[in-house]
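For reference, the structure discussed in these notes is given below.
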Amino acid sequence: MIKRILMLPHIKVHNANALSSPFTIGFPAITAWMGAVHALQRKINASRSGKIEFKASAIISHAIDLQTYKGKGDFVHSIIGTGNPLGKDGKRPSFIEEARCHIDASLLIEYQGIDKTEEDKFVETISNHMNASMKIAGGDIISFSTPQLFKIDDESSSEVFSLLKKLMPGYAVIERRELMKDAMKKGQDAIDAMLDYLVVHNRSEKDAEGIVKWISSRKISGWIVPIATGFQGLTELGQAANQRDPTIPHRFAESIVTLGEFLMLHRIRSLEEILWRYYIDEKNSLYACQQNDSAVNNQQLILGE
């Protein structure tokens, strides 16, 4: 099956929201990236007669600068706050600490609805919107390289590698929800299952000469991290006082957090390994982003059950 891919290379975002869920800090939530892609689609469709569709997105991280500080002797990191202007009394105003990060990332977007004759105009329109009014994860787009269009005729490793090598070095964000599922089948609850894969174990060993060496290890190899991939509804759909858009039903929700992995691009063999898609399960009030067709085949994984 032919895939038409839009590459948005090396998007540099300043002050992106690093508070990806109520209890994780670091790389922005997958929903933030997918939301930016959806916003771009809406802006493009509003400026043309035909309709395009962004079907799936891959996120590749090149660099991230988390705005935290750990001084000498400190046990934990502290958030670096912004320097807000002084108030009328000459004092700093009160503010809520916000976790921020500066990111260099690329997006691969599977699209449809563009003819060959429209491709140049399509690329120009994308550049105009990203220069004018786009934000990603609440951060400002400082710069980006020229968007490019590709056609993948099949999922052969050589063709996919030719595309991905244009973004090397970089790490694709993939979902590792199956790790939590396996752990929870053995009796662990969700939090314990997650922490078990994130904790670093330190142990000491003494060699024949009596020299002590410290060794650090984790449960499995790989750059395993917690990622926020969607939302679980807590209340029924309805109306709330002072809601932002009164025409759309409202419900309270909480973040869905699971395990993910940053994987070097040279290890990717198929675009389906890294493409994220929306998944909605109205019956269970789930609104999530998933990979590898797990939305259809592994619905129960979303809660790690």
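Sort 189-202, 30-43, 134-147 for me by packing, meaning the mean count of neighbouring Cβ atoms within 10 Å per residue, highest on top.
30-43, 134-147, 189-202
Tell me, what ³J(HN,Hα) does each residue in the range 13-22 have, in order and in whole Hz, if you take phi through Karplus 6.51 cos²θ - 1.76 cosθ + 1.60 with θ = phi - 60° and put x for Gly and Pro?
Each residue's phi maps through the Karplus curve to give 10, 9, 6, 6, 6, 9, 8, 6, 7, x Hz.
What list of whole percents do you get for P(r) of the chain, with Cα-Cα distances grouped in 10 Å bins up to the one holding the largest distance?
Over the chain, the share of Cα pairs per 10 Å bin runs 5, 22, 31, 25, 12, 4, 1, 0 percent.
Hey, what did the range 72-188 get for relative contact order, percent, Cα under 8 Å, at least 6 apart?
Relative contact order comes out at 13 percent.
Compute the distance in nm between two label points, each set 7 Å from the Cα along the Cα-to-Cβ direction, one at LYS166 and one at ASP140.
That separation, rounded to one decimal, is 2.9 nm.
Of the candidates TYR69, TYR171, TYR111, which one comes out as most mobile in a Gaussian network treatment of the chain with C-alpha springs shorter than 10 Å?
The residue with the greatest mean-square fluctuation here is TYR69.
Sticking with the crude label model, points 7 Å out along Cα→Cβ, report the distance from LEU198 to ALA39 in nm, one decimal please.
Result for the modelled spin labels: 2.6 nm.
If you wrap a convex hull around the C-alpha atoms of the range 32-99 and split its volume per residue, what is the figure in Å³?
Considering the Cα atoms of the range 32-99, their hull volume per residue is 177 Å³.
Report, in deg cm²/dmol and to the nearest 500, the calculated mean residue ellipticity at 222 nm for the chain, where each DSSP H run with n ≥ 4 adds -39500 (n - 2.57) and the sum is divided by the residue count.
About -6000 deg cm²/dmol.
Excluding MET134 itself, what net charge comes from residues whose Cβ is under 14 Å from its Cβ, given Lys and Arg +1 and Asp and Glu -1?
+3
Report, in whole Å, the centroid distance computed from the Cα atoms of the range 225-251 and the range 10-78.
So the separation of the two Cα centres works out to 20 Å.
Give the relative contact order (percent, whole number) for the chain; include only Cα pairs under 8 Å separated by 6+ residues.
24 percent
None of the figures in this text is laboratory data; all of them are computed from the coordinates on show. Just so you know, these numbers come straight off a predicted model, no measurement behind them. Cβ sites come from the backbone with ideal geometry, for glycine too, and all protein chains shown count toward neighbours.
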